[in-house]
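Following: one structure in structure tokens, then a few remarks.
The values are calculated or read from the model by the stated rules, or taken from the named source; none is laboratory data. Computed from a predicted structure; not experimentally measured. Cβ coordinates were reconstructed from backbone atoms using ideal geometry, including for glycine residues, and neighbour counts include every protein chain displayed.
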């Protein structure tokens, strides 16, 4: 089996768990849209890229992963389940009062480096971790997942500027560019394009790819970026693969129907997933 | 090793507050702590950091005029085990990056010290945009945050050294820059969260905080006693949070409490005392002297303090009037 095939299987596991979580949240709903736009990104990070180990969660030289966009708890917790950081019982309590995973928690013991939710903070935190690694002579890398909507925040641009200033070649940003934010399509609400040109002008190495294509994502992570931070602009689709929610702003926080659940499960089985 | 003696106290008073933080206290901290770092947002020169920075360049980071990113980066470094002291003007280290402070320092309880310079009315000549009058109110409302406001340069050094030993988010604010009168001529016992009684009295209690302000309160106490013969106690609250409840438990027999601060009368030291007192069956009446909830005519700090009734003479006059109205 090729590496890509293995990671596709892994991404299906993450997707299946994400579906289970979304269904268990019931009518209250959860962050489906921004979760399903970055399933493959999580699969590649946790299946290949990140050097993290549930048996040694606070190893000083572990890679750091900051899910700054925060609205990705479905694939995030699913990834932690399938890499042994948390258990099946934990996973379904994410929407319960007082649950281990309630409210975007920070808990290094279970692989959660940062408590997100207020957008535009995570990249700066990642920069701090990258600077700390340089000071300590540690070889680990820091990965930050940003949303494209999140990039409206001015603090993100302060951080973009400083990461280049500090020549953080140990920092990698992935932008989940699903073209949507809470109120609608991002070029209607607040245009971000051309993000790659903007980041190049800010002194970053950039690479764009299809964020649902495992092979393209793997290649993007291979992009050399000496003396510079790397930004992977992953073009994605909000609520990817879910018939009634795909590419709709309402998918941001929504309830998952049994019909959609069954559809995606069947699509994964027959290999047609992502081709609605 | 910093020596707390009368000669140094005089020297520090002449140096001004910023060099005391960065040329006296901080070198002492980094000598003991290889993980202590300093950060600023394009304010190294104003803050008096340059001398120490040139000696220990690897301990300093400058973020340009980008406070939110500075706080976020401080958080990332604190999560990696570093002890960050970060500074810029008080309105920017509090209001400008309020959300980062609230979440990263407060909710995540990170070991970061935020130092706000030119707080209160210090920058009156530069305009309302530069004033920090509710900074303590905001910082006090953040979970886990400790809030300090030194009475003079000596106390500023003591606060820096004390908080450097604590693993807790912290805000230190100071008003003014130079011409800081010494409140302490001799060494004294500084404890976090413990008020210092500078003058014993029986009837009126002046509770002050901050550079110049505590000194003015001491002078006001003398004026009141001279003019009225009424016995006045003065306490210095260098720690606004946690507030010294042990001391506040002992003050019910005063006729009047007067809180004095270079801060809005909403949410600062006065409020912290009132929040305590209102829960007691018996607690003295309180007068709040501070910056009222309005905009003032702009000018230098002395001019601003005078308008707000924070000079020794105006404090004394106000209190004498209040007693007559009783």
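For this structure, a couple of remarks:
- Cross-chain or 6+ apart pairs with Cβ under 8 Å, segment B:189-201 first and farther than 17 Å from residue B:154 by Cβ, then in a loop (DSSP other than H, G, I, E, B): B:193/B:242; B:193/B:243; B:193/B:244; B:201/B:231
- Scanning segment A:170-178 for residues that are away from chain B (no Cβ under 14 Å) and surrounded by fewer than 24 Cβ atoms within 10 Å (Cβ to Cβ) turns up nothing.
- Qualifying positions in segment B:118-132 - within 17 Å of residue B:239 (Cα to Cα) and either out of contact with any helix residue (DSSP H, G or I) (no Cβ under 6 Å at 6 or more places or on another chain) or in the same structural domain as residue B:304 (by TED's automatic domain parsing) (or both): B:120
- Matching residues, segment B:233-269, being touching a residue at least 60 places away in the same chain (Cβ under 8 Å), within 18 Å of residue B:319 (Cβ to Cβ) and crowded, with 20+ Cβ neighbours inside 10 Å: B:236, B:237, B:258, B:261, B:262, B:269
- Among (1) within 11 Å of chain B (Cβ to nearest Cβ); (2) touching a strand residue (DSSP E or B) at 6+ places or on another chain (Cβ under 7 Å), the one test that residue A:63 misses: (1)
- For segment A:162-169, the criterion of a residue being farther than 25 Å from residue B:77 by Cα, more than 14 Å from chain B (Cβ to nearest Cβ) and in contact (Cβ under 8 Å) with a residue 12 or more places away in the chain is satisfied by no position.
- Screening segment A:3-102 for helices (runs of 4 or more DSSP H) wholly inside it with 3 or more residues that are more than 27 Å from residue A:129 (Cα to Cα) returns the ranges A:3-24, A:88-91.
- Here the helices (runs of 4 or more DSSP H) wholly within segment B:191-287 that include at least 2 residues being in contact with a helix residue (DSSP H, G or I) (Cβ under 6 Å, 6 or more places away or on another chain) and farther than 21 Å from residue B:150 by Cβ are B:213-228.
- The lone exception for residue B:45 - which of (1) over 18 Å from residue A:123 (Cβ atoms); (2) modelled with pLDDT of 95 or more it fails: (2)
- Output for segment B:59-108, where each listed residue is farther than 19 Å from residue B:173 by Cβ, more than 7 Å from every other protein chain (Cβ to nearest Cβ) and touching a strand residue (DSSP E or B) at 6+ places or on another chain (Cβ under 8 Å): B:59, B:60, B:61, B:62, B:78, B:83
- Selection from segment B:286-326 of residues that are more than 22 Å from the chain's Cα centre (by Cα) and free of Cβ contacts under 8 Å to residues at least 12 places away in the same chain: B:297, B:317, B:321, B:324, B:325
Residue by residue, here is whether (1) touching a residue at least 12 places away in the same chain (Cβ under 8 Å); (2) farther than 25 Å from residue B:65 by Cβ; (3) within 14 Å of another protein chain (Cβ to nearest Cβ); (4) outside any loop (DSSP other than H, G, I, E, B) holds:
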residue	(1), (2), (3), (4)
A:155	yes, no, yes, yes
A:158	yes, no, yes, yes
A:196	yes, yes, no, yes
A:206	yes, yes, no, yes
A:231	yes, no, no, yes
A:244	yes, yes, no, no
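- When residue A:250 is tested against (1) within 30 Å of residue A:264 (Cα to Cα); (2) part of a strand (DSSP E or B), exactly one condition is not met: (2).
- When each of A:267, A:254 is tested for being out of contact with any helix residue (DSSP H, G or I) (no Cβ under 9 Å at 6 or more places or on another chain) and in contact (Cβ under 8 Å) with a residue 12 or more places away in the chain, the lone residue that passes is A:267.
- The criterion of being more than 14 Å from every other protein chain (Cβ to nearest Cβ) and buried (at least 20 other Cβ atoms within 10 Å of the Cβ) holds for residue B:119.
- For segment A:96-116, a residue qualifies if it is at the interface with chain B (Cβ under 10 Å from one of its Cβ atoms), without any contact (Cβ under 8 Å) to a residue 24 or more places away in the chain and crowded, with 16+ Cβ neighbours inside 10 Å, and exactly one does: A:115.
- Filter result for residue B:184 (away from chain A (no Cβ under 14 Å), touching a strand residue (DSSP E or B) at 6+ places or on another chain (Cβ under 9 Å) and part of a loop (DSSP other than H, G, I, E, B)): yes
- Meets criteria (at the interface with chain B (Cβ under 9 Å from one of its Cβ atoms), in contact (Cβ under 8 Å) with a residue 12 or more places away in the chain, part of a loop (DSSP other than H, G, I, E, B) and out of contact with any strand residue (DSSP E or B) (no Cβ under 7 Å at 6 or more places or on another chain)) for residue A:120: yes
- There is no residue in segment B:134-146 that is part of a loop (DSSP other than H, G, I, E, B) and crowded, with 24+ Cβ neighbours inside 10 Å.
- Test set (1) within 25 Å of residue B:293 (Cα to Cα); (2) more than 18 Å from the chain's Cα centre (by Cα); (3) within 14 Å of chain A (Cβ to nearest Cβ); (4) surrounded by fewer than 24 Cβ atoms within 10 Å (Cβ to Cβ) - residue B:111 fails condition number: (1)
Results for (1) over 21 Å from residue B:11 (Cβ atoms); (2) modelled with pLDDT under 95, shown as yes or no for each residue.
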{"position": "B:135", "(1), (2)": "yes, no"}
{"position": "B:152", "(1), (2)": "no, no"}
{"position": "B:162", "(1), (2)": "no, no"}
{"position": "B:177", "(1), (2)": "no, yes"}
{"position": "B:191", "(1), (2)": "yes, no"}
